[in-house]
Amino acid sequence: MKKLLMFLLIGIFLVVFAACSNDSAGKSEATNEGNGNNESTDDEIVIRFSHVAPPHNVKGLAAEKFAELVAEKTDNKVKVEVYDSGQLYGDGEELDAILSGNVEMIAPSMSKLVQLDPRWQFIDLPYLFKDKHHLRDFFTSETAQSLLESEQLVNNGLIGLGFWENGFINFTNSQRPISSPEDLEGLTFRVQSGQLIEAKYNTVGANTATIAWAEAYTALQQGVADGAEVTPDQMDVGSFYEVLDYLTLSNHGRIDYAVIMNKDFWDTIPEDLRGQVSEALVEASEYQWGIAEENNQTSLEKLIDEGMEVIEPSEADREQFVEAFQPVYEEYRDVITPEIIDGIRDLE
């Protein structure tokens, strides 16, 4: 009897244990399904944000602001780990890193995305944006959204979440003041890589030298290039005022950044947390736009104090530059597409 009773108790225990195990497994499966259906998870989600700017740069400050806002809005359920100054990947490596899933987030210069979608060359078109208001209207436009969520990016496993500013670029050089397109002829400018950029300078009889940013100061100092096209903030940070004498406030183009996320990773974040991360990015972007403008103004004042000769073209001068660069639009209109170019112009 004792043995029989013991066997019965063991049998009951096994039945109860199995039932509890099945119930726990069912709850776990339901929770996982729920997360797939956009409910929050208790596990911390980590976003590795890699960029090449120093922490005190406008991009670096914005990245830290974004990280703070994400932690606040998600109640620390999502953590943004910021790796600045190219700690993880350099300027030419970060796109490959996010494509392969080695980081989740980057904010490259828009021109870096040309290799995935040639329409992003719009950012290099001379005088496409009239002023900062025109630019910011574009940032929130359907045209911009079509680029951020394009098939070209999505098919490569990426999705664009927004835009960050650097500023309007200007002609600067060590040889002579530039107040007309003719003044550009024969000069060599340090530039980022890009066929449209080269075509732009060739159109006015100037030359280009594709030189990495880290090597730009030395190249300008040694005369490998006569000048560059940069924002006031870049001139200040790079100490270009030490080796260049003339700055023309041409505002002929832009250097700005696209905030990019690995799409497979983005899709795994529950929808409610995704919404909070998006809200954080909107606020961080508005913050970034403000400090970018302030930094450029402060830097411009410093450049003047350092003795640079600053030339401010008149409206008539500006129209001469616009006219001189028109052949670039004709050459690249079909590549960038009329929808993008006209979509931006119509925002004026």
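Does S141 satisfy the condition of being out of contact with any strand residue (DSSP E or B) (no Cβ under 8 Å at 6 or more places or on another chain) and over 28 Å from F321 (Cα atoms)? Full working, then the answer.
Values: out of contact with any strand residue (DSSP E or B) (no Cβ under 8 Å at 6 or more places or on another chain): yes; over 28 Å from F321 (Cα atoms): no.
Against the criterion (out of contact with any strand residue (DSSP E or B) (no Cβ under 8 Å at 6 or more places or on another chain) and over 28 Å from F321 (Cα atoms)), S141 does not qualify.
Can you find even one residue in the stretch 102-117 that is touching a helix residue (DSSP H, G or I) at 6+ places or on another chain (Cβ under 6 Å), at pLDDT below 95, basic (K, R) and buried (at least 19 other Cβ atoms within 10 Å of the Cβ)? Within the stretch 102-117, one or more residues are touching a helix residue (DSSP H, G or I) at 6+ places or on another chain (Cβ under 6 Å), at pLDDT below 95, basic (K, R) and buried (at least 19 other Cβ atoms within 10 Å of the Cβ). Here Y83, Y89 are screened, and the one residue that is open to solvent by 20 Å² or more (accessible area, probe 1.4 Å), in contact with a strand residue (DSSP E or B) (Cβ under 6 Å, 6 or more places away or on another chain) and at pLDDT below 95 is Y89.
Rundown of residues vs (1) under 20 Å from H134 (Cβ atoms); (2) charged (D, E, K, R); (3) surrounded by 20 or more Cβ atoms within 10 Å (Cβ to Cβ), yes/no style:
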position: H252; (1), (2), (3): yes, no, yes
position: T268; (1), (2), (3): no, no, no
position: A280; (1), (2), (3): no, no, yes
position: A284; (1), (2), (3): no, no, yes
position: A292; (1), (2), (3): yes, no, yes
position: E330; (1), (2), (3): no, yes, no
position: I336; (1), (2), (3): yes, no, yes
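Go through the stretch 99-110 and report how many residues are touching an Asp or Glu at 6+ places or on another chain (Cβ under 9 Å), assigned to a helix (DSSP H, G or I) and either farther than 20 Å from P54 by Cα or without any contact (Cβ under 8 Å) to a residue 60 or more places away in the chain (or both). Total meeting the criteria: 0. For the stretch 111-124, which residues satisfy the criterion of being assigned to a loop (DSSP other than H, G, I, E, B) and either touching a strand residue (DSSP E or B) at 6+ places or on another chain (Cβ under 8 Å) or of a type in the set (K, R) (or both)? Hit for the stretch 111-124 is L116, nothing else.
If you check T248 against the conditions, is it on the phi > 0 side of the Ramachandran plot and either of a type in the set (K, R) or surrounded by 14 or more Cβ atoms within 10 Å (Cβ to Cβ) (or both)?
When the stated conditions are applied, T248 does not pass them.
If only residues of the stretch 58-93 that are within 15 Å of I260 (Cα to Cα), outside any loop (DSSP other than H, G, I, E, B) and in contact (Cβ under 8 Å) with a residue 40 or more places away in the chain are counted, the one that is farthest from the chain's Cα centre (by Cα) is F66.
The values are calculated or read from the model by the stated rules, or taken from the named source; none is laboratory data. These numbers come from a predicted model, not from an experiment. Glycine gets a Cβ as well: all are built from the backbone with ideal geometry, and neighbour counts include every protein chain shown. Side chains are part of the model used for accessible areas, which takes the heavy atoms of the whole protein and leaves out ligands, DNA and RNA. Shrake-Rupley method; radii C 1.70, N 1.55, O 1.52, S 1.80 Å.
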